[in-house]
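Report on one structure; see the data block that follows.
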Amino acid sequence: MGLIKGAFIIVSLVISVSTFQLKSDNSSLSILPLPLPLQAPSTIESKNKFVVRKCCGPNYMYNINLAENIAQEEDRCVKYSISSSHPHKSPQFPLLFGTKESFPSNGYDVQIDAGFPRNCTQDSYELLLDSLDPQERMGDLFRALSSGQLLVPHRFVYFEFDSYCIDDYAEERNFIKASRRALICINQTREFPESAVDDSGKLSLDFIKFDADGERFASKFVGRKVIRKCCSHGESMDSNTNFNGWPTCRRNEHLVTLFFDQLQSEDTSSELFFRFGRVKCDYPVRTPEFQLNSNGSLEINMSDNSSHRLISIEHYCLDDVWFDVNTILPTASIYAFYCPDEQPQNFIIESEFFTDGLELTESSFMTDPPMMAEPKSTNTSNNQFAPIAIRIPKCCSPGQVMRENENSFDCHPLWWWPTESVWDQPIDTAEMILRSLSHDFKTYHNVSNTVFVTNITLSSCKPGQLQANVPIHDENSKKNPIFRIDSKNQLSLAFHSFIENYWDVKEEIRPFCVDYLLLKQERIVFYTSQVFRCITLDPFLNYRPMILLISVVTLLMTFVIYFFVPASGASKLILQSKGKKKAGNSSRSKSMAMVLTGRILLCHIISLSLAFTCLAMSTQKLIPSGENSCVAIGYITYWSFIASFSWLTVYCFDYYRTVSGSFKVSNDKLFIPYSAFGWGVPSLAMISVIITQFQSTAMGISDAVNPNMGLVRCWFPRNSLSEMIFFYGPVGVLLSMDIYFFLSLMFNSNLMHCWQKPQGTAIRSNRRPSTAPKEHEDLKMATKLFFITGVPWIFEIFTYVYELKYGLYTKLWYFWEFTQLLNTLRGVFIFVNFIILNRYVRRFLWLRMKNIFSRKLFSPSEDDNMATYQTDDEGNRSASSGATASSSPSVVSGEQTTCTSVDADCSNEFCIL
């Protein structure tokens, strides 16, 4: 009875209405617009007249004094007048409180029929009236109809003209906070017929005859899919209290599942219409195992799992049920409630719920929340009982836990029922959280005697970092935390990711903190203990994948163009002098892709294109980590990067030995050892990485050395020892050789003017005198060599070493980012230098495009002429290859011939002069 008194305090104040009835004054007209005007009954002849069933008379308001010192109901109607200074004086809000849905359209002649509901009788709980408050509860929304009836659509009920009254409602004469309410007779409720829900599960109000205003009101609901909820909007069930087998509905907007939100997201064609109210039976059957069909019916899985039961929307309701267990924090799950075939009489009801006599015990509502099964011990500490307290950092302040907030986490107070009812006991949420955390550490990691120290600095991360979480215990997780107690009784943490012969890595985590996290799922919401840490964001910014793809496109364009542009100019001179061949058809028919240096360049291009493509895919998270495809992409990326650096070293060596004049340039047999180095080094490197990862357990390889490709990302773990050994080690060796060749070329007198003797000759000279100073030409050549020999890649190693020591996001971040940008634009640099800045290639493409657009086809003679057709910077042309050859003399001495005059702008075998 304490529950009844607390829940219906207002109703108990007006029970005397059954013996008192206010006189009606049908002849009075209201001067002001009245609260919730109701259209007159059918006896009113004029359609423009609207009769209001108002609890109090005109210019009176219903007032409640909580002291309960009023004996007669008429004394609750108090005079109300509007002063000029009143905030509700404006015409837009003239004494009208509550929702506007209570009012019809303008154009009605309003009349008053004052008085409380007539002929009300007590229900089984000895109650007469109930109060509808649409501002407080969505299910209490009401609307007056032209028939004089009061429609309450969310409850699927309506009331006749004499069964209700409407008025503005205030407490302690606080008129400013008054609200629009309706008083209804509990025992005179008229329910909607079953036809109110059509065969497709949508709301249909065809059984009601609306006028124009009513049609506008009903159009907002008709046609929506009907969902039946046991409690009102914003409420859920408390399993700690029940009456006749029904848990009590209480205000709860925090610990709720995503079930109803998911229903709305699945049905995007229209909004849902909620029908609030329990089914009419005591001791209902409850089960979480149900399926909601599209037509609104409910399919129940029977306890034997061999059959199903189909229940119409009239005989069930759904809602969240709240539980709490001593050893864990509260949880909530979605349940279906439906009436049994017969009243329970000391027998087991369906699902895991059962009765104790005629009432369900509290255990009837208990479900096994997540992580409550007794797990296997994962203790790695030898100190099962530490002599002193083990200090563990806690993320949030006492009484607070973590919750998800978009892409991060933040602290918020642990939610619990407010102490508003007689059965509510004060709860120390801080003590409850600490007790639950201690239970988890003792149960899952055998760590006892714990003391949790608040460290709110760990509840957020620095710029450039992201907060990550891992459950303290999860048998199905690939990453499990391992807690160790050192000699100083300090708790350390390591994440262990292990799959035999696949991944085996222990990652030391510092700093870290532990706390509970509120997880919301479709059918359950619960608190779970988690470990939180800050991880560094991948520095590969959003624009880098696009730049990588641009580089890939330019690399592929260079690759294709080299197959169409014929090898000529200086290339033919070198072929003739070194290969001792005459300038004939065989040499003229070769393309730039067929000469030795062209082959080397294209091998570098194709491997770099593959590396950039895979890198763009992994940085865009197109392939999730932990999958076999991610492992494959990681190994392809690794092989192609090592191959690109190997061929870059081959290119540098070939150019160095040609300029130094140590070997014959045109010896095509050199491509065989070049290929053995260019493709052999990456193949051997990848084989060693594969063996190290997939045979790590059998070979006893250290966890730190295991590559763990694809575990965290489609690459090595960030800043790991394996990344240094298997990637930066080989790349560092290859880049050291490239830098040596670069410096040797820079100090070579055959290439740089500044090192030439006064009477000496250089391998690099123009056919025509240059108007630019020699220093400018040397600077131009040095810049080309700097980028083509791959020297900027050395900054990749410097960035790696600097990040290991100082972190990524430092004052030098913008400088490191600029160097990374240079490396990702390498494809563009190659295209510009070998295609755009190469005058011979540029002229060939221009003439080819010109002939294509002029619809002329090249003849063989035209191809030959164009192959030797030269154009200087001023537009002067030389007409034959013979003139070109004569203007560019070569010097041959003995067995070794040195080309002393090569056009720096025409295409040669090295393509950078």
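Each reported figure results from applying straightforward, stated rules to the coordinates on display, with no laboratory input. If you're wondering where the values come from, they're calculated on a predicted model, not measured in any experiment. Note that each Cβ is placed from the backbone with ideal geometry, even for glycine, and that neighbours are counted across all protein chains shown.
Tell me whether region 249-299 comes out rounded, prolate or oblate; compute the Cα gyration tensor, take square roots of the eigenvalues as a ≥ b ≥ c, and use a/c under 1.5 as the rounded threshold.
It is oblate, given that a/c is not under 1.5 and a/b is not larger than b/c.
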Compute the distance in nm between two label points, each set 7 Å from the Cα along the Cα-to-Cβ direction, one at Arg173 and one at Asn293.
-> 6.0 nm
Going by how many other Cβ atoms sit within 10 Å of their own, how do His412, His473 line up, fewest first?
-> His412, His473
Relative to a virtual label point 7 Å from the Cα of Arg718 in the Cα→beta-carbon direction, which members of region 807-850 show backbone nitrogen distances below 11 Å?
-> 808-809
Ordered by fewest other Cβ atoms within 10 Å, a rough proxy for footprinting exposure, Ile633, Ile485, Ile166 read Ile485, Ile633, Ile166
Count charges around Gly678 for me, please; just the other residues with Cβ under 13 Å from its Cβ, Lys/Arg as +1, Asp/Glu as -1.
-> 0
Between region 459-534 and region 673-743, what's the alpha-carbon centroid distance in Å?
-> 29 Å
Are any of the pairs Lys54/Lys280; Lys54/Lys79; Lys669/Lys774 more than 26 Å apart by Cα-Cα distance, and if so, which?
-> Lys54/Lys280; Lys669/Lys774
Label point distance in nm, Ser312-Ile672, each placed 7 Å from Cα along Cα→Cβ | 9.0 nm
Simple SL model, points at 7 angstrom along Cα→Cβ for Ala389 and Thr783; separation in nm is 6.7 nm
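What is the extension gain from Gln262 to Gln620, computed as 0.36 nm multiplied by their sequence separation minus the C-alpha to C-alpha distance, in nm to one decimal?
Details: separation 358, 0.36 × 358 = 128.88 nm, distance 2.82 nm.
The span from Gln262 to Gln620 would gain 126.1 nm if fully extended.
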Once fully extended, how much extra length lies between Ala212 and Asn455, figured as 0.36 nm per residue of separation less the alpha-carbon to alpha-carbon distance?
-> 81.2 nm
Segment Met849-Cys754, extension gain: residue separation times 0.36 nm, minus the distance between their alpha carbons | 30.2 nm
At R0 = 25 Å the Cβ-Cβ FRET efficiency linking Asn628 and Gln465, nearest 0.05, sits at 0.30
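Evaluate the charge dipole of region 233-309 about its Cα centre and quote only its size in Debye, nearest 20, assuming +1 on the Cβ of each Lys and Arg and -1 on the Cβ of each Asp and Glu.
On the way: 7 positive and 11 negative charges, 75 e Å.
With only Lys, Arg, Asp and Glu charged at Cβ, the dipole is about 360 debye.
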Ranked on Cβ counts within 10 Å of their own Cβ, fewest leading, Asp123, Asp654 go Asp123, Asp654
Of the listed links Lys442/Lys479; Lys220/Lys520; Lys462/Lys811, those spanning more than 22 angstrom between alpha carbons are Lys220/Lys520
